[in-house]
Amino acid sequence: MKILSNIFFALLLLAIACPSAFSQNPIVRDQFTADPSARVFNGKIYVFPSHDIVAPEGKGLRENWFCMEDYHVFSSENLTDWTDHGMIVSQYDVEWVDSNSYSMWAPDCVERNGKYYFYFPSNVKPDGEAGRRGGFGIGVAIADAPEGPYVPEKKPIQGINGIDPCVLIDDDGQAYIYWSMGNIYGAKLKENMLELDSETTTIAEMPRAGMKEGPWVFKRNGLYYMTLPHVENDTERLEYGISDNPLGPFEMKGVIMDESPTGCWTNHHSILEYNDQWYLFYHHNDYSPDFDKNRSIRADSLFFNSDGTIQKVIPTLRGIGLASAESQIQLDRYTDISENAAIDFINPENTFEGWKTIFKSKGDWIRFNTVDFSNKKLKNAKMRVRSESGGKVQIKFSNKDESVLAEVEIPKSDKWVLVDSKIEKYKKGTYDLKVELISGNNVEIDWVQFTK
């Protein structure tokens, strides 16, 4: 009965799944997410992150630490509109998991023979009368669709003590599982995807000093890439090595992403190709700048050199995907910004309300790239704004000639208001937008949108 009730609950969540994420970074805007494992299934990208929460008093492995009790899955076809399909696995519904540990850490998911295998780590229930924690195990939950419902296996995979599973199915059909616990490890999986089919290999030629975790292994042009977060100094950066063998040894090649400039201690990632473009999914503490154990997932484009090495990825706020002109375009997720303009939370007490752009004086501007104006003729520019002194902004196409799309008067108000203006010269196509303050000062903008 318990399994049936879980399936019913998961189906209900699937039925009410709704968009809760967007193309700009971070891509999930209504909850904390971390450790994104991105996969392509059935022509869509599915992202399986861990789910940070604010720790209930006295819960978790220790005070002021990572706290996660379940997993959601998100999907997108266009890299712009992301759908939350709801909770798929919870610590309370897995027989072997210590549900007082709140340690449902970085997962992964792969498809084989029409089944979806979701791999997740957690603390094993205490050992008998001694009450000692049983260390970390890696479990599997199975579904007939990437959205679920998932049914967890009763026991974790035997022979693994670790976290951060990643699974690679090679071209010959052999599956490999990788994990971390001090070092990086790998082993073959049996055809059933539930049991090891080889001895454990300690992956050779990894950095010797500093914490290593979160392996993500993929294959490209006959080469195997081992990518991982590594603490070279004080915080994690993303590094990688290359091998001609799925279990190494891997020759370390360099850094994919540098340490966080704001000091977020962890980063954790995945890499995949979708519609002939490679992407890096990773996380940062955007919504929780003062507590880096509550994180949010991001995505940026990734490129390779002709010799197969990876070009370093510079994190962006703009992220990926083509923004629709008819959506609420969050200018604060900018591509470029003038020196005196600023970004801040709309409500520091509830950061999920998002950010605002602040133009302090005439001449301040912000640029937001790749906005799609191609579907139909739009007649109005609408903005959510606030300014006690008032002003005027110009919205321009910012590709070559910076032609003015609309001028918007900003009224004097200490509250957020909606204003609109007629579009002066409409052009179909995909353009970068530039919004500039041409009069007034201390103008705040939440979003801009174009309507019929």
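Quick look at the values:
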{"item": "Nearby lysines by direct alpha-carbon distance to Lys125 (threshold 21 angstrom, same-chain neighbours under 8 apart not counted)", "result": "Lys2, Lys59, Lys154, Lys155"}
{"item": "Cross-link reach list, lysines versus Lys427, counting only Cα pairs under 18 Å and skipping chain neighbours closer than eight places", "result": "Lys376, Lys377, Lys379, Lys382, Lys396, Lys400, Lys452"}
{"item": "Proximal lysines relative to Lys212, as straight alpha-carbon distance under 22 Å, when same-chain residues fewer than 8 apart are discounted", "result": "Lys188, Lys253, Lys293, Lys312"}
{"item": "Packing-based exposure ordering (other Cβ within 10 Å, fewest first) of Tyr178, Tyr224", "result": "Tyr224, Tyr178"}
{"item": "Added length on full extension, which subtracts the Cα-Cα distance from 0.36 nm per residue, Glu424 to Met252", "result": "56.5 nm"}
{"item": "In the range 300-358, GluC sites (Glu not before Pro) in a DSSP loop with at most 12 other beta-carbon atoms within 10 Å", "result": "Glu339, Glu349"}
{"item": "In degrees, nearest ten, helix 2-15 long axis to first principal axis of the chain (Cα)", "result": "20"}
{"item": "Fewest-first sequence of Glu251, Glu199, Glu111 by Cβ atoms within 10 Å of each Cβ", "result": "Glu199, Glu251, Glu111"}
{"item": "Dimensions (Å) - the range 169-273, Cα atoms, principal axes, largest first", "result": "44, 28, 21"}
{"item": "Reciprocal of mean inverse Cα separation for the chain (Kirkwood radius, Å)", "result": "23.4"}
{"item": "Cα convex hull volume per residue for the range 323-451 (Å³)", "result": "94"}
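The numbers here are math on the coordinates, done by the rules we state, and not lab data. Note that this is a predicted model, so its numbers are computed, not measured. When we count neighbours, we look across all protein chains shown, and the Cβ atoms used for this are built from the backbone with ideal geometry, even at glycine.
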